[in-house]
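Take a look at the structure below.
The values are calculated or read from the model by the stated rules, or taken from the named source; none is laboratory data. As the structure is a computational prediction, the values presented were derived from the model and not from experiment. When we count neighbours, we look across all protein chains shown, and the Cβ atoms used for this are built from the backbone with ideal geometry, even at glycine.
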Amino acid sequence: MLIYKILRSDEWAALQDAGQTQGAPIDVADGYVHFSTAAQAGETASKWFAGVEDLWLLAYDADNLGDALKWEPSRGGDLFPHLYRDLRLDEAKWVVPLPWDGAQHRFPADMT
């Protein structure tokens, strides 16, 4: 199963430079990297990134992240994937821009 991380352009650049990151400031503060499932990603973008341009969507295979990935309750009791270690670029399955069209972010049609 693929899970998704949204990064701002500066966070994406830092990940590219270092090859790994503790994530966005909220990830560092919370002590884990926040991910979303395909069903949760749109709401995550709306809640935390409304109007933000130059975002990047990274896809990771949840099965390849090992015991550091925990599924924990969050918004509305839904289980969200949280990674309790650095996010590594070499584990990303794919990365694409996540454009803002003036009303919402445009996710890829096929998020598999």
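Screening D86, D67 for residues that are more than 15 Å from the chain's Cα centre (by Cα) and not polar (S, T, N, Q) leaves exactly one candidate, D67. If you check D86, D61, D78, D17 for being within 18 Å of M111 (Cβ to Cβ) and modelled with pLDDT of 95 or more, only one passes: D61.
Would you pick out the residues in the range 49-60 that are farther than 10 Å from L87 by Cβ and in contact with a helix residue (DSSP H, G or I) (Cβ under 8 Å, 6 or more places away or on another chain)? Answer for the range 49-60, where residues must be farther than 10 Å from L87 by Cβ and in contact with a helix residue (DSSP H, G or I) (Cβ under 8 Å, 6 or more places away or on another chain): D54, L55, W56, L57. The criterion of at least 2 residues that are in contact with a strand residue (DSSP E or B) (Cβ under 7 Å, 6 or more places away or on another chain), surrounded by 14 or more Cβ atoms within 10 Å (Cβ to Cβ) and touching a residue at least 24 places away in the same chain (Cβ under 8 Å) is met, among strands (runs of 3 or more DSSP E) falling completely within the chain, by 2-8, 55-61, 79-83, 92-98.
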